[in-house]
Amino acid sequence: MDWATQVANLARSAFPETGYLLQRTTLRGAWIHKIILTRICFNPAAPEALPWNSAMDFVEQLKSSVDIVKVVGEYVRLRRIGSTGRYLGLCPFHQEKTPSFNVNQARQFYKCFGCGVGGDVLKFVMEVDGLTFPETLKLLSERNGIPMPQRPEYSDSDSKLRGALHEMHTIAARLYRSALRGPEGAEARAYLDQRGVSAELIDDFELGFSDPQGQALTRKLTEERFSAEQMEASGLLRRRNEGSGFYDAFRGRLMFPIHNESGKVIAFGARAMRPDDQPKYLNSPETPIYRKTSTLYNLHRARDAMRKTNRAVLVEGYMDVMGVYAAGVKEVVASCGTALTNTQVRAVHRHADTVVINFDPDDAGANAAERAIQLSLDEGLHVKVLALGGGSDASDAKLDPYEFVKQFGPAAYRTQLDSASSYFHWLADRARARFDMRSADGRMDAFKFLLPAVQKLSDKLERAAVASDLAGYLGVEPGLVLDQFKRAATDRRTAGQPAGRPGPSTLPIVQIPALERILLNALLASVPARQQILARLPAEMTADFVSQEVIQALRQIAEAGPVGFSALDARLSEAGRTLLHQMAAADEIGDDAECLAQAEACLRRLTENFQRRQLDALRTRVKTAARAGRGEEALHWTAELQRLEEEVKRDGQQPQ
């Protein structure tokens, strides 16, 4: 659901009488909708609701207190470009290999020139975390220690439900942790002790135990007065088939809390304690706050380490994550009870360029690793594989990551991890096991099996070197390898997709004349420039500007009060926003004095050009009237021409 639709639906559902107001204000721009939405967020129907201006003041205070670079940097690895506070990274909203996601610190906005998304810090958090506007305000205010104005309850149904689900999961996690420490958690504690899980690790991962009778959480949530609709939507309880009421979805299980990237509990993984309790692992269903295919287990803890090491270790299970984490490798994550998805791989790539795949050594783990390799290559990651399998010592023990760390120790695991091989050799071993390497056909089949993975390398020299190595490793003639490469390249050209290039194209760049671009950037960056230049810049002078819409909106906002980039952005059409973002992303921001000097120079040049055009037009009119024998008209235009020439002389201009 897009921004405008969410605003309108939220307003109409909470206050039906706002429908007409929304229709009336549509033509005035999305900023009016945002004001209405903000007003609704603070529940004006409540006796203690804030005045309209106070609500807006809080939103502006929050935005001015939060640095968009810091917020975006928690989700995307950014690198500084130039000297004007512009940052670049991989877009979190679409798949790309070449960074096109810009964050402008000076103007506090983001823009992706690959997929076109853009906005302020509030919109970014809404989009990346899938939150509503009220939830975004609450999250950012809590994160930054800014007291949020009192709001008794969420005023729209979606926000109210999501808020309740977050609260219920927090309560459940606390209840499960308490149960693990109590008498009923003895069996689970014994299991953890047998697996060698330390008390520190139990606390770090907030492990818990669910009531075997299936009533503890139901009672607790009922006492907290959550509605039946909310309890059913949480996935934590199940409705009884006979009669009314609920029972706990997780009973007698070791509980692993699953967090979103912000660190909030949104779901659980649950391991059975008894062999007859099936399935062995039971996971939360999808809910309004939890999407299995988008969530990585432990990402909220791992992302800082992923950035520092520029590496992610990908394992299969919750216990594997804990074992690797205990070995001192903090950059470890796992999918949440499902096959790995490209959305999860994209989340890895936002924080690291290299992924080491360390799945279980059985056939299922090998098949899953093969798929993970393809997804990671598609995302443009550097891929390595750590295969712990084969013999009796630490160099080839056939164990899953957790058991390997337990048996051989953290140092041995780190040594194996640091020496993890390229995915090519791991895939080559798979090919040799799958095909008959004694025959020429079998060897070529093995190479064809490996060819797609080789082709996904963007660097031509690296592709050629790897293909040559694999040819020797598999015993294939190098000449045949070259033929296969040429054939594959021809197929790619026929399909219109160059080798090593990402599929999505970037947005077209609008060509903006230099004079126009410099003037507008100066006006955007400097209050003195706006105050001294806009009043002397008539609309006629900018009538043929490519950026005329932006200039006009800037003029209107400046007349009403302070100019905010997000307020300007909200007034523009899609084409206007694209043009604004394109100009604002350029490294052309100076101090006030420099901006004013640039704007004055641009204004002088524009005035010269404008007056020159006026003089040329008057001279043409004089000649046309004289040739047609209209003497009185010719005298009139001659007088106008003389008046304008005198005006030009007084202004010190010398147009030709």
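Ellipsoid semi-axes for the stretch 520-572, based on the Cα gyration tensor and the rule √(5λ), read 16, 14, 10 Å when sorted largest first. Solvent-accessible surface (1.4 Å probe) assigned to ILE557 amounts to roughly 10 Å².
Once a ≥ b ≥ c are taken as the square roots of the eigenvalues of the Cα gyration tensor of the stretch 295-377, is the result rounded (a/c under 1.5), prolate (a/b larger than b/c) or oblate (a/b not larger than b/c)? Taking the square roots of the gyration eigenvalues as a ≥ b ≥ c, the stretch 295-377 is oblate.
Classify the stretch 394-482 as rounded, prolate or oblate, taking a ≥ b ≥ c as the square roots of the eigenvalues of its Cα gyration tensor: rounded when a/c is under 1.5, otherwise prolate if a/b is larger than b/c and oblate if not.
prolate
Just the number, please: carbon plus sulfur as a percent of the accessible area of the stretch 211-312, 1.4 Å probe, no ligands or DNA/RNA counted. C and S atoms contribute 43 percent here. Whole-Hz Karplus values for the stretch 399-413 come out as 9, 6, x, 5, 5, 4, 4, 5, 7, 10, x, x, 5, 5, 5 Hz, taken residue by residue from phi with 6.51 cos²θ - 1.76 cosθ + 1.60 and θ = phi - 60°; glycine and proline positions read x. Distance from the C-alpha centroid of the stretch 157-182 to that of the stretch 560-634: 58 Å, rounded to the whole angstrom.
Let me check something: with ligands and nucleic acids excluded, how do GLU200, GLU127 order by accessible area (1.4 Å probe), largest to smallest?
Working: GLU200 130, GLU127 95 Å².
Result, largest first: GLU200, GLU127.
Under conditions of 10 °C and 1.306 mPa s, the stretch 95-193 yields 92 µm² s⁻¹ as its translational diffusion coefficient, taking Rh as the Kirkwood radius over Cα pairs in the Stokes-Einstein equation. Shape of the stretch 310-357 from the C-alpha gyration tensor: oblate (a/c of 1.5 or more and a/b not above b/c, with a ≥ b ≥ c the square roots of its eigenvalues).
The values are calculated or read from the model by the stated rules, or taken from the named source; none is laboratory data. Predicted, not measured: the structure shown is a model, and the values here were computed from it. Calculation scope for accessible area: heavy atoms of the full protein, side chains included, ligands and nucleic acids excluded. Shrake-Rupley method; radii C 1.70, N 1.55, O 1.52, S 1.80 Å.
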